[in-house]
1. Being assigned to a loop (DSSP other than H, G, I, E, B), acidic (Asp, Glu) and exposed (fewer than 13 other Cβ atoms within 10 Å of the Cβ) is the filter; apply it to the range 169-220 and report the residue that is farthest from the chain's Cα centre (by Cα).
2. For residues that are of a type in the set (D, E, K, R) and out of contact with any Lys or Arg (no Cβ under 9 Å at 6 or more places or on another chain), scanning just the range 240-269, find the one that is modelled with the highest pLDDT.
3. Conditions first: (1) under 16 Å from the mean Cα position of the chain (by Cα); (2) surrounded by fewer than 19 Cβ atoms within 10 Å (Cβ to Cβ). PRO302 passes all but one, so which condition is the exception?
4. Given the criterion assigned to a helix (DSSP H, G or I) and over 17 Å from the mean Cα position of the chain (by Cα), identify the matching residue among PHE103, PHE94.
5. Against the conditions (1) touching an Asp or Glu at 6+ places or on another chain (Cβ under 7 Å); (2) surrounded by 14 or more Cβ atoms within 10 Å (Cβ to Cβ); (3) within 26 Å of PHE103 (Cβ to Cβ), where does PHE274 fall short? Just the number, please.
6. Being of a type outside the set (D, E, K, R) and free of Cβ contacts under 8 Å to residues at least 60 places away in the same chain is the filter here, so list the residues in the range 321-346 that pass it.
7. What are the residues in the range 13-43 that are more than 30 Å from CYS147 (Cα to Cα) and either basic (Lys, Arg) or in contact with a Pro (Cβ under 9 Å, 6 or more places away or on another chain) (or both), if any?
8. Residues that are closer than 26 Å to ILE251 by Cα and in contact with a Gly (Cβ under 7 Å, 6 or more places away or on another chain), at least 1 per element: which strands (runs of 3 or more DSSP E) completely within the range 11-84 meet that?
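The values are calculated or read from the model by the stated rules, or taken from the named source; none is laboratory data. These numbers were taken from a predicted model, which means no experiment stands behind them. As a convention, Cβ positions derive from the backbone with ideal geometry for all residues, glycine included, and neighbour counts pool all protein chains shown.
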Amino acid sequence: MSEIKNSPSLLKELSLKDKILWLPAKTGYFVEGKIYPLNTPIEILKFSPISFLDKLRLALFTLGSKFENKEKLDEILAKDFILKNCGERVFERFFLPLLKSKFGKNWEKISAAWLVSRVALRSNRGLKGEKLGYLKGGFQVFLDCLCEKIKKRGGEIRVLTEVEKIVIEKEKVKGVLIKSEGKEEFIEAKRVISTLPPKTLKKVLGEKAKDFNLEIPFQGAVCLLLSLKEPLLKDIYWLNIDAKVPFGAVIEHTNFISSKNYHNQHLVYFVSYFQEENDILTILPEEKLFEIFLNGAKKIFPNFKKENIKWWKIARTSAAGPIFTTGFKEKILPKQTKIEGLYFCGMFSKENYPERSLEGGVKTALSLIESLK
């Protein structure tokens, strides 16, 4: 959530600038059956899976990440870069489980550009640990304000509506064909700005899709949200996992924002990524998936009881974000296409390289607006 700090003009325009809270976000790592807090220098020194020398290498690597030229690292594998700068043990015991949980079998293809960007993003911490910015009420507040502003300016927002086709004639956009509640409708437009992921974009472009390089690898995500009667983690907000469980991270949101903001509920997320369309995480019924996640949770938290759960909810998406493989920079599509009136503004934009974020989305939109003036 710290990425929102770089868009003060938009937040000010939406009267949200003063609603950002900067709060400590305690992190940890579950390794070898134990939870290690990794916030203060003392806690990091107590991280026993790697030696003191390894910790020193890791610290220097983290500090140096802020100054690396990310574009020059686009063709270098993250694995090779870590081995060169940190050594084998830091790679095996610290980075490898994180890469596998984030990218699955694609972890070996990930670029050092993504790795360095990710490390740099989370390296701004003082002696007491890291602080993150949080918009009071969550990103939904941001989206609601943005939608309200659009409507006040005469814009129309359609929800529960599928775009079936971007209609193009003689290399010029004519509009979009949409479907809502079983009814088709053609909306005439001089400009169409697509933020769709590659697979969906291919579908709506039809035969015109062959004119663009849309072979951009994306992955999906599954998130189980639990409302608990009692906290799960003592005070850790984000726990990375090195264990054979169906999730790679546990995020106890109310260890970051007080449970008082959520009617004293304790909210915990279990997050997992998938790379294949037919992955078991995508096809299992929600009730079965819930039980699998719950069994995994009991391996990490032996005292966890199902009776502690008030309610649960599962969210799944097949397009959570790009897989930043080596050479990804060459896959970035220009915003303005060869087709008059058609623009691409998705997560694979220049502003979102080499790590997609809300900030990247805002920057992409602002950049496009400037080019259209």
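1. It comes out as GLU181.
2. Taking the candidates together, the pick is GLU252.
3. (1)
4. Sole residue among the options that is assigned to a helix (DSSP H, G or I) and over 17 Å from the mean Cα position of the chain (by Cα): PHE94.
5. With (1) touching an Asp or Glu at 6+ places or on another chain (Cβ under 7 Å); (2) surrounded by 14 or more Cβ atoms within 10 Å (Cβ to Cβ); (3) within 26 Å of PHE103 (Cβ to Cβ) applied to PHE274, the lone miss is (1).
6. Of everything in the range 321-346, those that are of a type outside the set (D, E, K, R) and free of Cβ contacts under 8 Å to residues at least 60 places away in the same chain turn out to be ILE332, PRO334, GLN336.
7. Passing the criteria: LYS26, THR27, GLY28, TYR29, VAL31, GLU32, LYS34, TYR36, ASN39, GLU43.
8. Because the criterion is at least 1 residues that are closer than 26 Å to ILE251 by Cα and in contact with a Gly (Cβ under 7 Å, 6 or more places away or on another chain), the strands (runs of 3 or more DSSP E) in the range 11-84 that meet it are 20-24, 34-37.
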